[in-house]
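I have placed the structure first, in the form of structure tokens, so that the comments after it can refer back to it.
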Amino acid sequence: MSTITLDIHEVIKRLPHRFPFLLVDRVLELEKGATIKALKNVTINEPFFPGHFPNRPVMPGVLMLEALAQAAAVLSFETLGELPDANTVYYFAGIDGARFKRPVEPGDQLILDVRLLRAKAGIYKYSGKASVNGEMCAEAELMCAMRRLS
């Protein structure tokens with residue numbers, strides 16, 4: 001299978017999220033129906049850092065999980081050969097086994113590795129790992145549901 005890469009302009013076409021909640025900057029590798037490797041550049045001007053924490057800025061763990069879910073959504077839409085529209089939503093349906101191993105700080109490049117475990121009737125299950133410089137930061141199994149609004 002061929003590997004796909006996507007820049008920020010292509011990512012924006014595949015995700016409904018926008019600033020300050022778009023957490024995928026680039027897709028480094030994507031194999032349809034299988035895996036995605038994406039990048040989130042973590043900068044000091046992220047809107048959550050002033051409150052988390054003022055003296056030692058750390059990316060919230062739930063946002064690492066959200067970044068993994070956004071990468072998973074790109075994988076799903078690309079696998080389906082579809083782009084999201086105003087009537088398509090992609091919800092979290094579950095998170096299992098979430099573990100946080102290392103803090104993520106301004107200046108880090110968060111690498112998001114997501115593997116599709118199964119897909120059935122619009123419900124997707126993934127294994128996700130987030131790392132910085134090869135060190136595991138967070139991992140979890142994610143379930144997401146794609147729904148079309150009427």
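Data overview
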quantity: Residue under evaluation Ala71, criteria (1) over 15 Å from Cys137 (Cβ atoms); (2) at pLDDT 95 or above; (3) of a type in the set (Gly, Ala, Ser), criterion not met; calculated: (1)
quantity: Residue that is among the polar types (S, T, N, Q), closer than 22 Å to Leu142 by Cβ and surrounded by fewer than 16 Cβ atoms within 10 Å (Cβ to Cβ), where the choices are Asn55, Asn41, Asn45; calculated: Asn41
quantity: Residues satisfying the stated conditions in the range 28-55, i.e. over 13 Å from the mean Cα position of the chain (by Cα), farther than 19 Å from His17 by Cβ and touching a residue at least 40 places away in the same chain (Cβ under 8 Å); calculated: Lys32, Gly33, Ala34, Ile44
quantity: Any hit, the range 61-79, residues being surrounded by 14 or more Cβ atoms within 10 Å (Cβ to Cβ), farther than 24 Å from Tyr124 by Cβ and in contact with a helix residue (DSSP H, G or I) (Cβ under 7 Å, 6 or more places away or on another chain); calculated: no
quantity: Single residue of the range 93-111 satisfying the filter (touching an Asp or Glu at 6+ places or on another chain (Cβ under 7 Å) and surrounded by fewer than 14 Cβ atoms within 10 Å (Cβ to Cβ)) that is farthest from Gly122 (Cα to Cα); calculated: Arg99
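The values are calculated or read from the model by the stated rules, or taken from the named source; none is laboratory data. Note that this is a predicted model, so its numbers are computed, not measured. Every residue, glycine as well, gets a Cβ built from its backbone with ideal geometry; the counts of neighbours run over all protein chains shown.
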